[in-house]
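Working notes for the structure below.
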Amino acid sequence: MDRRMAMHVRYSLLEGLIVGVIWAFFFRSSVMWVLTFALAWTVIAVLRRRWWESRR
C-alpha cells in the first residue's frame with residue numbers, strides 16, 4: 001500500500017466514524033453499529049478508489 005492509499009484509508013475511516021456518530025446521535029444506535037458502519041464505509045471507499053485508479 002503506497003502512502004496516498006494509506007492516507008485515503010485513514011481519512012475514509014475518520015469520515016465513516018464521524019458519519020456513524022452523527023447517525024447514532026439521531027437514531028440512538030449502539031457503539032458497535034458505529035464501528036461496523038465506519039469499517040464498511042472505509043472498505044467501500046477503498047474499493048471505489050481502486051476501481052477509479054484502474055480506469056485511468
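The values are calculated or read from the model by the stated rules, or taken from the named source; none is laboratory data. Predicted model, so just to flag it, every value in this text is computed and none were measured. Cβ atoms come from the backbone with ideal geometry, glycine included; neighbour counts cover every protein chain shown. In case anyone asks, the SASA skips ligands and DNA or RNA and just uses the protein heavy atoms, side chains included. Shrake-Rupley method; radii C 1.70, N 1.55, O 1.52, S 1.80 Å.
Both radii come from the Cα set of the chain: Rg as radius of gyration, Rh as Kirkwood radius; their ratio Rg/Rh reads 1.09. In the context of the full set of protein chains, residues of the chain present 86 Å² of accessible surface per residue (probe radius 1.4 Å, heavy atoms only).
Rounded to the nearest 20, the Cβ-based charge dipole of the chain about its Cα centre (Lys and Arg +1, Asp and Glu -1) stands at 240 debye. Of the accessible area of the chain, computed with a 1.4 Å probe over protein heavy atoms only, carbon and sulfur atoms account for 70 percent. Angle of helix 31-55 to the longest C-alpha principal axis of the chain, folded into 0 to 90 degrees and rounded to 10: 20°.
Length gained on full extension, Ala6 to Trp33, computed as 0.36 nm times the residue gap minus the Cα-Cα distance: 7.3 nm. Taking the charge dipole of the chain about its Cα centre, with +1 at Lys and Arg Cβ atoms and -1 at Asp and Glu Cβ atoms, the residue from Trp51, Met7, Phe26 reaching farthest to the positive side is Trp51.
For Trp41, Trp51, the ranking by accessible surface with the largest value first comes to Trp51, Trp41, using a 1.4 Å probe. Seen from Arg4, the other residues with C-beta closer than 14 Å to its C-beta sum to a net charge of +3, counting Lys and Arg as +1 and Asp and Glu as -1.
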